[in-house]
Amino acid sequence: MNVNPIHFFNERGHSILSADYLHAENRRLQEEVWELERKVRSLSMRLSMLASDDDEEQLFA
């Protein structure tokens with residue numbers, strides 16, 4: 001079995017098999033998820049406000 005050692009390291013040279021790296025990557029990804037969830041909630045609220053504004057305009061037309 002041939003193992004290519006380059007696959008054990010990321011682009012920064014960190015071992016992808018170390019627990020510290022995996023915990024740090026998990027933390028980074030969780031923070032990214034939280035940020036994206038905040039953006040989704042914000043955009044969803046904005047869309048619902050725009051939809052309600054359109055409904056009001058149609059009532060007064």
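Modelled spin labels at Asn10 and Ser44, positioned 7 Å past Cα toward Cβ, are 2.9 nm from each other. Calculated over the stretch 9-60, the projected area of the Cα convex hull averaged across directions stands at 4.6 nm².
Quick note: the coordinates plus some simple rules give every number you see, no bench work behind them. On a predicted model such as this, the values are computed, not experimentally measured, just so you know. Note: ideal-geometry Cβ built from the backbone for every residue, glycine included; neighbour counts use all protein chains shown.
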